[in-house]
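To keep things clear, I will list the structure first and then write my remarks on it.
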There are 2 protein chains.
Amino acid sequence: MRSMRDYGCFVFCLLAALLAGFLSFLFVLVWVLHWREGLGWDGASAEFNWHPLLIVTGFVVLQGSAIVVYRLPWTWRCSKFLMKCIHAGLHLTVLILAIVSLVAVFDFHNTQNIPNMYSMHSWTGLTAVVLYGVQVLIGLLVYLFPFAPVTLRATLLPFHVFSGLLIFGAGIATALMGITEKLIFALSRSYNQSYSQSPPEALFVNFLGAFILIFGAFVFWMVTQPQWKRPQEQVPKTLPPNGGRASGAEERGEMSADPENSEIEYNREAARKRYVILDEAGQRSTM
Amino acid sequence: MRSMRDYGCFVFCLLAALLAGFLSFLFVLVWVLHWREGLGWDGASAEFNWHPLLIVTGFVVLQGSAIVVYRLPWTWRCSKFLMKCIHAGLHLTVLILAIVSLVAVFDFHNTQNIPNMYSMHSWTGLTAVVLYGVQVLIGLLVYLFPFAPVTLRATLLPFHVFSGLLIFGAGIATALMGITEKLIFALSRSYNQSYSQSPPEALFVNFLGAFILIFGAFVFWMVTQPQWKRPQEQVPKTLPPNGGRASGAEERGEMSADPENSEIEYNREAARKRYVILDEAGQRSTM
């Protein structure tokens, strides 16, 4: 952080994102519980309702949180490995929620004899979840497990960051399409009214869409500001010889999870805590 | 460009974006001419059809092109002022097309007694166009006209770049919502069939949505790669004293449009052409 003012700006953006994210979760929950048929696993609408709830909570709010987690200044003294575990854990949770939400909607369609995969929403949504699964798998193999060579980690990193943000953005666009579809279908069926008459439910859910967009905007702002990157870590050259790896992968923010190197890891950890510097120049490995 | 390989990657991305953009234009044109009621200005559906045609052509494809125009390597020998004029001209064209497309849809709604501004699509769409108008106005005042001080230009630049990309992304999400709405309404009215039966028109228009997303993805990739930025310009210190401004605004890619400084401009122009260097480090002013 360059200054207290800059720190204040970050905290403001984070609080705004958390508020918009919480309101998104609250509004989708109230929508399915109060305006729609609630939640259940009966092949009917209550089962479908898990789909918007889990997608907004997981694929939008939790995924956005997983993306910004490296940027929280109070985590910069935590080890990079710990932060990677949190990042990966959140993304894995999102993936599981997304899969459950897809099972809910396919099961609902099959029970109700509604065709699957006919809409643009379904095309982009399934593509986004499949790509997200690939992204999480590659992320685990390349960045969390200790097998991948440093050059591969460095080469793939711009793609990892970009595809993560692209899937997040496409997820938001897909969620907004899905909400639009659901409002049109549900309002015309439930009360013999239409979306165009602006019943209270329609207005309420339009605000849900607005909160999702505001949440996405703040997440994108936070992760694209170079001064808010997790600082580059520098490990001193007095480490054991094989600790020299640190000047490659780890200096760019990578970290081995090899349990056999626990003592080296401990030394690195101690060194890291002494040598965290706020060098903001250059390109670092992870957001 | 770091290498021929990197140059090849850029050209590939550009051609892919151009192809996806052209297919988006072609598909929306065929949609309104072949599958829908064509184009007209009669208060009926043919007037509405200007709305998707102009939004996809302008707010998506042309806006994306305006965003990447600084990144074309073969324009790096052109003056920054010329490139700014092209950037501004394209964005002004997009704004005019967007306003005409809004007039078409409001006029259609009013003639057909359909309420305005009830849907999430209309909320996010009108917000995006209003913010886009503000963005274009501020862009002209701050970056094209010679009034704004260098510090203001530098301070506003991250916001200018970010809000431009945010509006572009929100425009794509809004377009996909609008296409979803139109497909549901139009298919149920025209042929007594439904979107869920996947008639040929629905499949065709789903591909339109896919091309729009692919176009957006390539544009975002091109404008976020630091090695593809327009190179920083360095003007030698032998310029007239007031040419010293060049080391401030212009070294960061800004340029005065003051016609009274034409001789200085000429000298700068000559110097610029001699001193274009491919320094890829650091943050520069404009994408």
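The values are calculated or read from the model by the stated rules, or taken from the named source; none is laboratory data. None of the values given here were measured: they were computed from a predicted structure. Reconstructed Cβ throughout: ideal geometry from the backbone, glycine too, with neighbour counts over all protein chains shown. For the accessible areas, the whole protein counts, side chains as well, though only heavy atoms, and no ligand, DNA or RNA atoms are used. Shrake-Rupley method; radii C 1.70, N 1.55, O 1.52, S 1.80 Å.
Pairs linking a residue in the range A:97-111 that is under 18 Å from A:K182 (Cβ atoms) to a residue that is among the charged types (D, E, K, R) and surrounded by 15 or more Cβ atoms within 10 Å (Cβ to Cβ), with Cβ atoms under 8 Å and 6 or more positions apart or on different chains, are A:A104/A:E47; A:D107/A:E47; A:F108/A:E47; A:T111/A:E47.
Tell me, please, whether a residue that is in contact (Cβ under 8 Å) with a residue 24 or more places away in the chain and under 15 Å from A:G216 (Cα atoms) can be found in the range A:143-158. No, there is no match, as no residue in the range A:143-158 is in contact (Cβ under 8 Å) with a residue 24 or more places away in the chain and under 15 Å from A:G216 (Cα atoms).
Of the residues A:L140, A:L176, which is open to solvent by less than 50 Å² (accessible area, probe 1.4 Å) and within 9 Å of chain B (Cβ to nearest Cβ)? Step by step, each of A:L140, A:L176 is checked, and only A:L176 is open to solvent by less than 50 Å² (accessible area, probe 1.4 Å) and within 9 Å of chain B (Cβ to nearest Cβ).
Restricting attention to the range A:30-47, the residues that are surrounded by fewer than 14 Cβ atoms within 10 Å (Cβ to Cβ) and either touching a Gly at 6+ places or on another chain (Cβ under 9 Å) or charged (D, E, K, R) (or both) total 1. Is it true that some residue in the range A:29-42 is within 20 Å of A:L187 (Cα to Cα), part of a helix (DSSP H, G or I), hydrophobic (A, V, I, L, M, F, W, C) and within 16 Å of the chain's Cα centre (by Cα)? Within the range A:29-42 (the criterion being within 20 Å of A:L187 (Cα to Cα), part of a helix (DSSP H, G or I), hydrophobic (A, V, I, L, M, F, W, C) and within 16 Å of the chain's Cα centre (by Cα)), the answer is no, since none of the residues qualifies. Scanning the range B:159-173 for residues that are without any contact (Cβ under 8 Å) to a residue 24 or more places away in the chain and surrounded by fewer than 18 Cβ atoms within 10 Å (Cβ to Cβ) gives B:F159, B:F162. Taking the range B:45-150 and the helices (runs of 4 or more DSSP H) fully enclosed by it, no element has 3 or more residues that are at positive phi. For A:Q193, the conditions (1) in a helix (DSSP H, G or I); (2) over 27 Å from the mean Cα position of the chain (by Cα) are fulfilled apart from (1).
Applying the condition of being touching a helix residue (DSSP H, G or I) at 6+ places or on another chain (Cβ under 7 Å) and within 14 Å of chain A (Cβ to nearest Cβ) to the range B:100-116 and asking which residue is farthest from B:I167 (Cα to Cα) yields B:I114. Residues that are within 17 Å of B:F10 (Cβ to Cβ), among the hydrophobic types (A, V, I, L, M, F, W, C) and open to solvent by less than 10 Å² (accessible area, probe 1.4 Å) within the range B:69-96 comprise just one, B:M83.
If only residues of the range A:190-233 that are surrounded by fewer than 19 Cβ atoms within 10 Å (Cβ to Cβ) and among the β-branched types (V, I, T) are counted, the one that is nearest to the other protein chains (Cβ to nearest Cβ) is A:T224.
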